[in-house]
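Comments concern the structure below.
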């Protein structure tokens, strides 16, 4: 997603590097030629890191200075690599969806993005909507008024919400019986070595952050703010600050007495391990990085004695004692969201690296291949990892599961998890709605086209606010939209945007 930085200090001044780190958007908009060329090539930029001290900035420049420029011949793409993995552009459909502004979340940052709202769900068996700002606060929407329900900044002193890139208050999930048992679950990142982790790697590898799963219990489930007890369930070390524990959820379609009822699904990214030449930390049933876990939070037969291992998990009967029996499926880079279709399909968007964004049907025990696969393409870990290759003729022997929909980085950079539409708008019936985080583009596929072994065609759609068709970039006034989707108990969808903290409801649609 960006240029190699080796040799950069021999090309530009340290002051230019520091200014670009502090506010890349400002440097681009100033007309700086190098910055403009970089933006035109990579189509995105990093957020502003203007809170870094001079000492920290000098340390970054010093570190960059230790890396030499790459050999140009090695940096070139292999002639056998695929130049354009998905050459057909995503077509624009005639679907226009009308938005209605619901509310705006209070700002939690003095710089853009002014909020970091990432997930909106409705409390089970109630009409109450909740949305999280990963800077640390879970909000309850009291009508259209956002009220702080749970503030991790006060309750978790080691909360780590910088440098961004998904650090902070990651996700939340109400137990399906919350109104009876008062149980709520959260994930958040903490400073390295805040406590001993349940899942560690060799001490020769530096820990960048820890992700923590917490159970919260209140005796007053109907209250507008949380009060009660907390219990740590598990803690995971990460080699980087990205691709952490960004999703926790229950299967909302499961009913009491069914196998899946009350079991918590946890999306664990690879923590950036593959990009750091630590690929052996992921793509293994012995390690939880790059996996989806399924646990029983009310059980106690895990190794740390704080949660249960469902007997129907796919690797429970594995004879290897080192197997992480919490694993439900593996081979992900970053399982961004987890949802289910009305027919019972478990759908997971997986954020890719340099080439492919994908949507996957997930079944127990599936292996999606990362980091030797990106989408349904090969990565050669011994070569240029920016390159991808066709599948080999004997690929079936690997037993990989491949996405049911994909787009490449000509179209966008990071898939934003979506939902199958279950509401009352006729034009959206039968569609799975999602988008691209960076560029704010909006996509859909038809659920009738979703099947293992196939690739559902993707189409783009547009939105209208107050009768005016606009892009999300125009609505937010920024190049990096950072949109997310939410759904209520009636199946209606919501759209959230980080830069301005706004929440929109999809209220009607038309096709021309």
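The listed peptides 494-501, 268-275, ordered by packing as a protection proxy, come out as 268-275, 494-501 (highest mean of other Cβ atoms within 10 Å first). Taken over the chain, the convex hull of the Cα atoms encloses 157 Å³ per residue.
Label-to-label distance for residue 12 and residue 153 is 3.2 nm, based on points extended 7 Å past Cα in the beta-carbon direction. Among beta bridges from DSSP that stay inside the chain, the antiparallel ones total about 90%.
Of the peptides 422-434, 7-19, the order by per-residue mean of other Cβ atoms within 10 Å, starting with the highest, comes out as 422-434, 7-19. Site pair residue 462 and residue 203 shows an inter-label distance of 6.1 nm when each label is modelled 7 Å from Cα along Cα→Cβ. For the range 1-124, just say rounded, prolate or oblate: build the C-alpha gyration tensor, square-root its eigenvalues into a ≥ b ≥ c, call rounded for a/c under 1.5, and beyond that prolate if a/b exceeds b/c, oblate if not. It comes out oblate by the Cα gyration axes.
The translational diffusion coefficient of the range 125-199, from Stokes-Einstein at 25 °C and 0.890 mPa s with a Kirkwood hydrodynamic radius over alpha carbon pairs, comes to 181 µm²/s. Averaging Cα coordinates gives a centre for the range 214-242 and one for the range 84-162; these two points are 18 Å apart. What share of the DSSP beta bridges in the range 287-435 is antiparallel, in percent to the nearest 5? Of all bridge pairs located within the range 287-435, approximately 95 percent are antiparallel. Could you let me know the centre-to-centre spacing of the range 304-353 and the range 469-497, using Cα atoms, in angstrom? If we compute the Cα centre of each part, the gap is 28 Å.
Each peptide in 253-260, 227-234, 413-420, 321-328 gets a packing score, the mean of other Cβ atoms within 10 Å over its residues, and the list from highest to lowest is 413-420, 321-328, 227-234, 253-260. Is the shape of the range 294-444 best called rounded, prolate or oblate, per the rule: a/c under 1.5 gives rounded, else a/b larger than b/c gives prolate, else oblate, with a ≥ b ≥ c the square roots of the Cα gyration tensor eigenvalues? Verdict is oblate for the range 294-444. By the count of other C-beta atoms within 10 Å, a proxy for reagent exposure, 373, 235 are ordered fewest to most as 235, 373. Residues of the range 327-363 with an amide N closer than 17 Å to a point placed 7 Å from the Cα of residue 258 along the Cα-to-Cβ direction: 338-348, 362-363. Neighbour counts of C-beta atoms inside 10 Å place 203, 410 in the sequence 203, 410, starting with the fewest. The fraction of Cα-Cα pairs per 5 angstrom bin, counted from 0 for the range 317-393, comes to 3, 14, 22, 20, 16, 14, 8, 2, 0 percent, rounded to whole percents. Largest first, the three principal axis extents of the alpha carbons in the range 382-438 are 50, 29, 14 Å in whole numbers.
No value in this document is a laboratory result; all are computed from the given coordinates. Keep in mind that what you see is a predicted model, and the values were worked out from it rather than measured. Methodologically, a virtual Cβ is constructed for each residue, glycine included, from the backbone with ideal geometry; neighbour enumeration extends over all protein chains shown.
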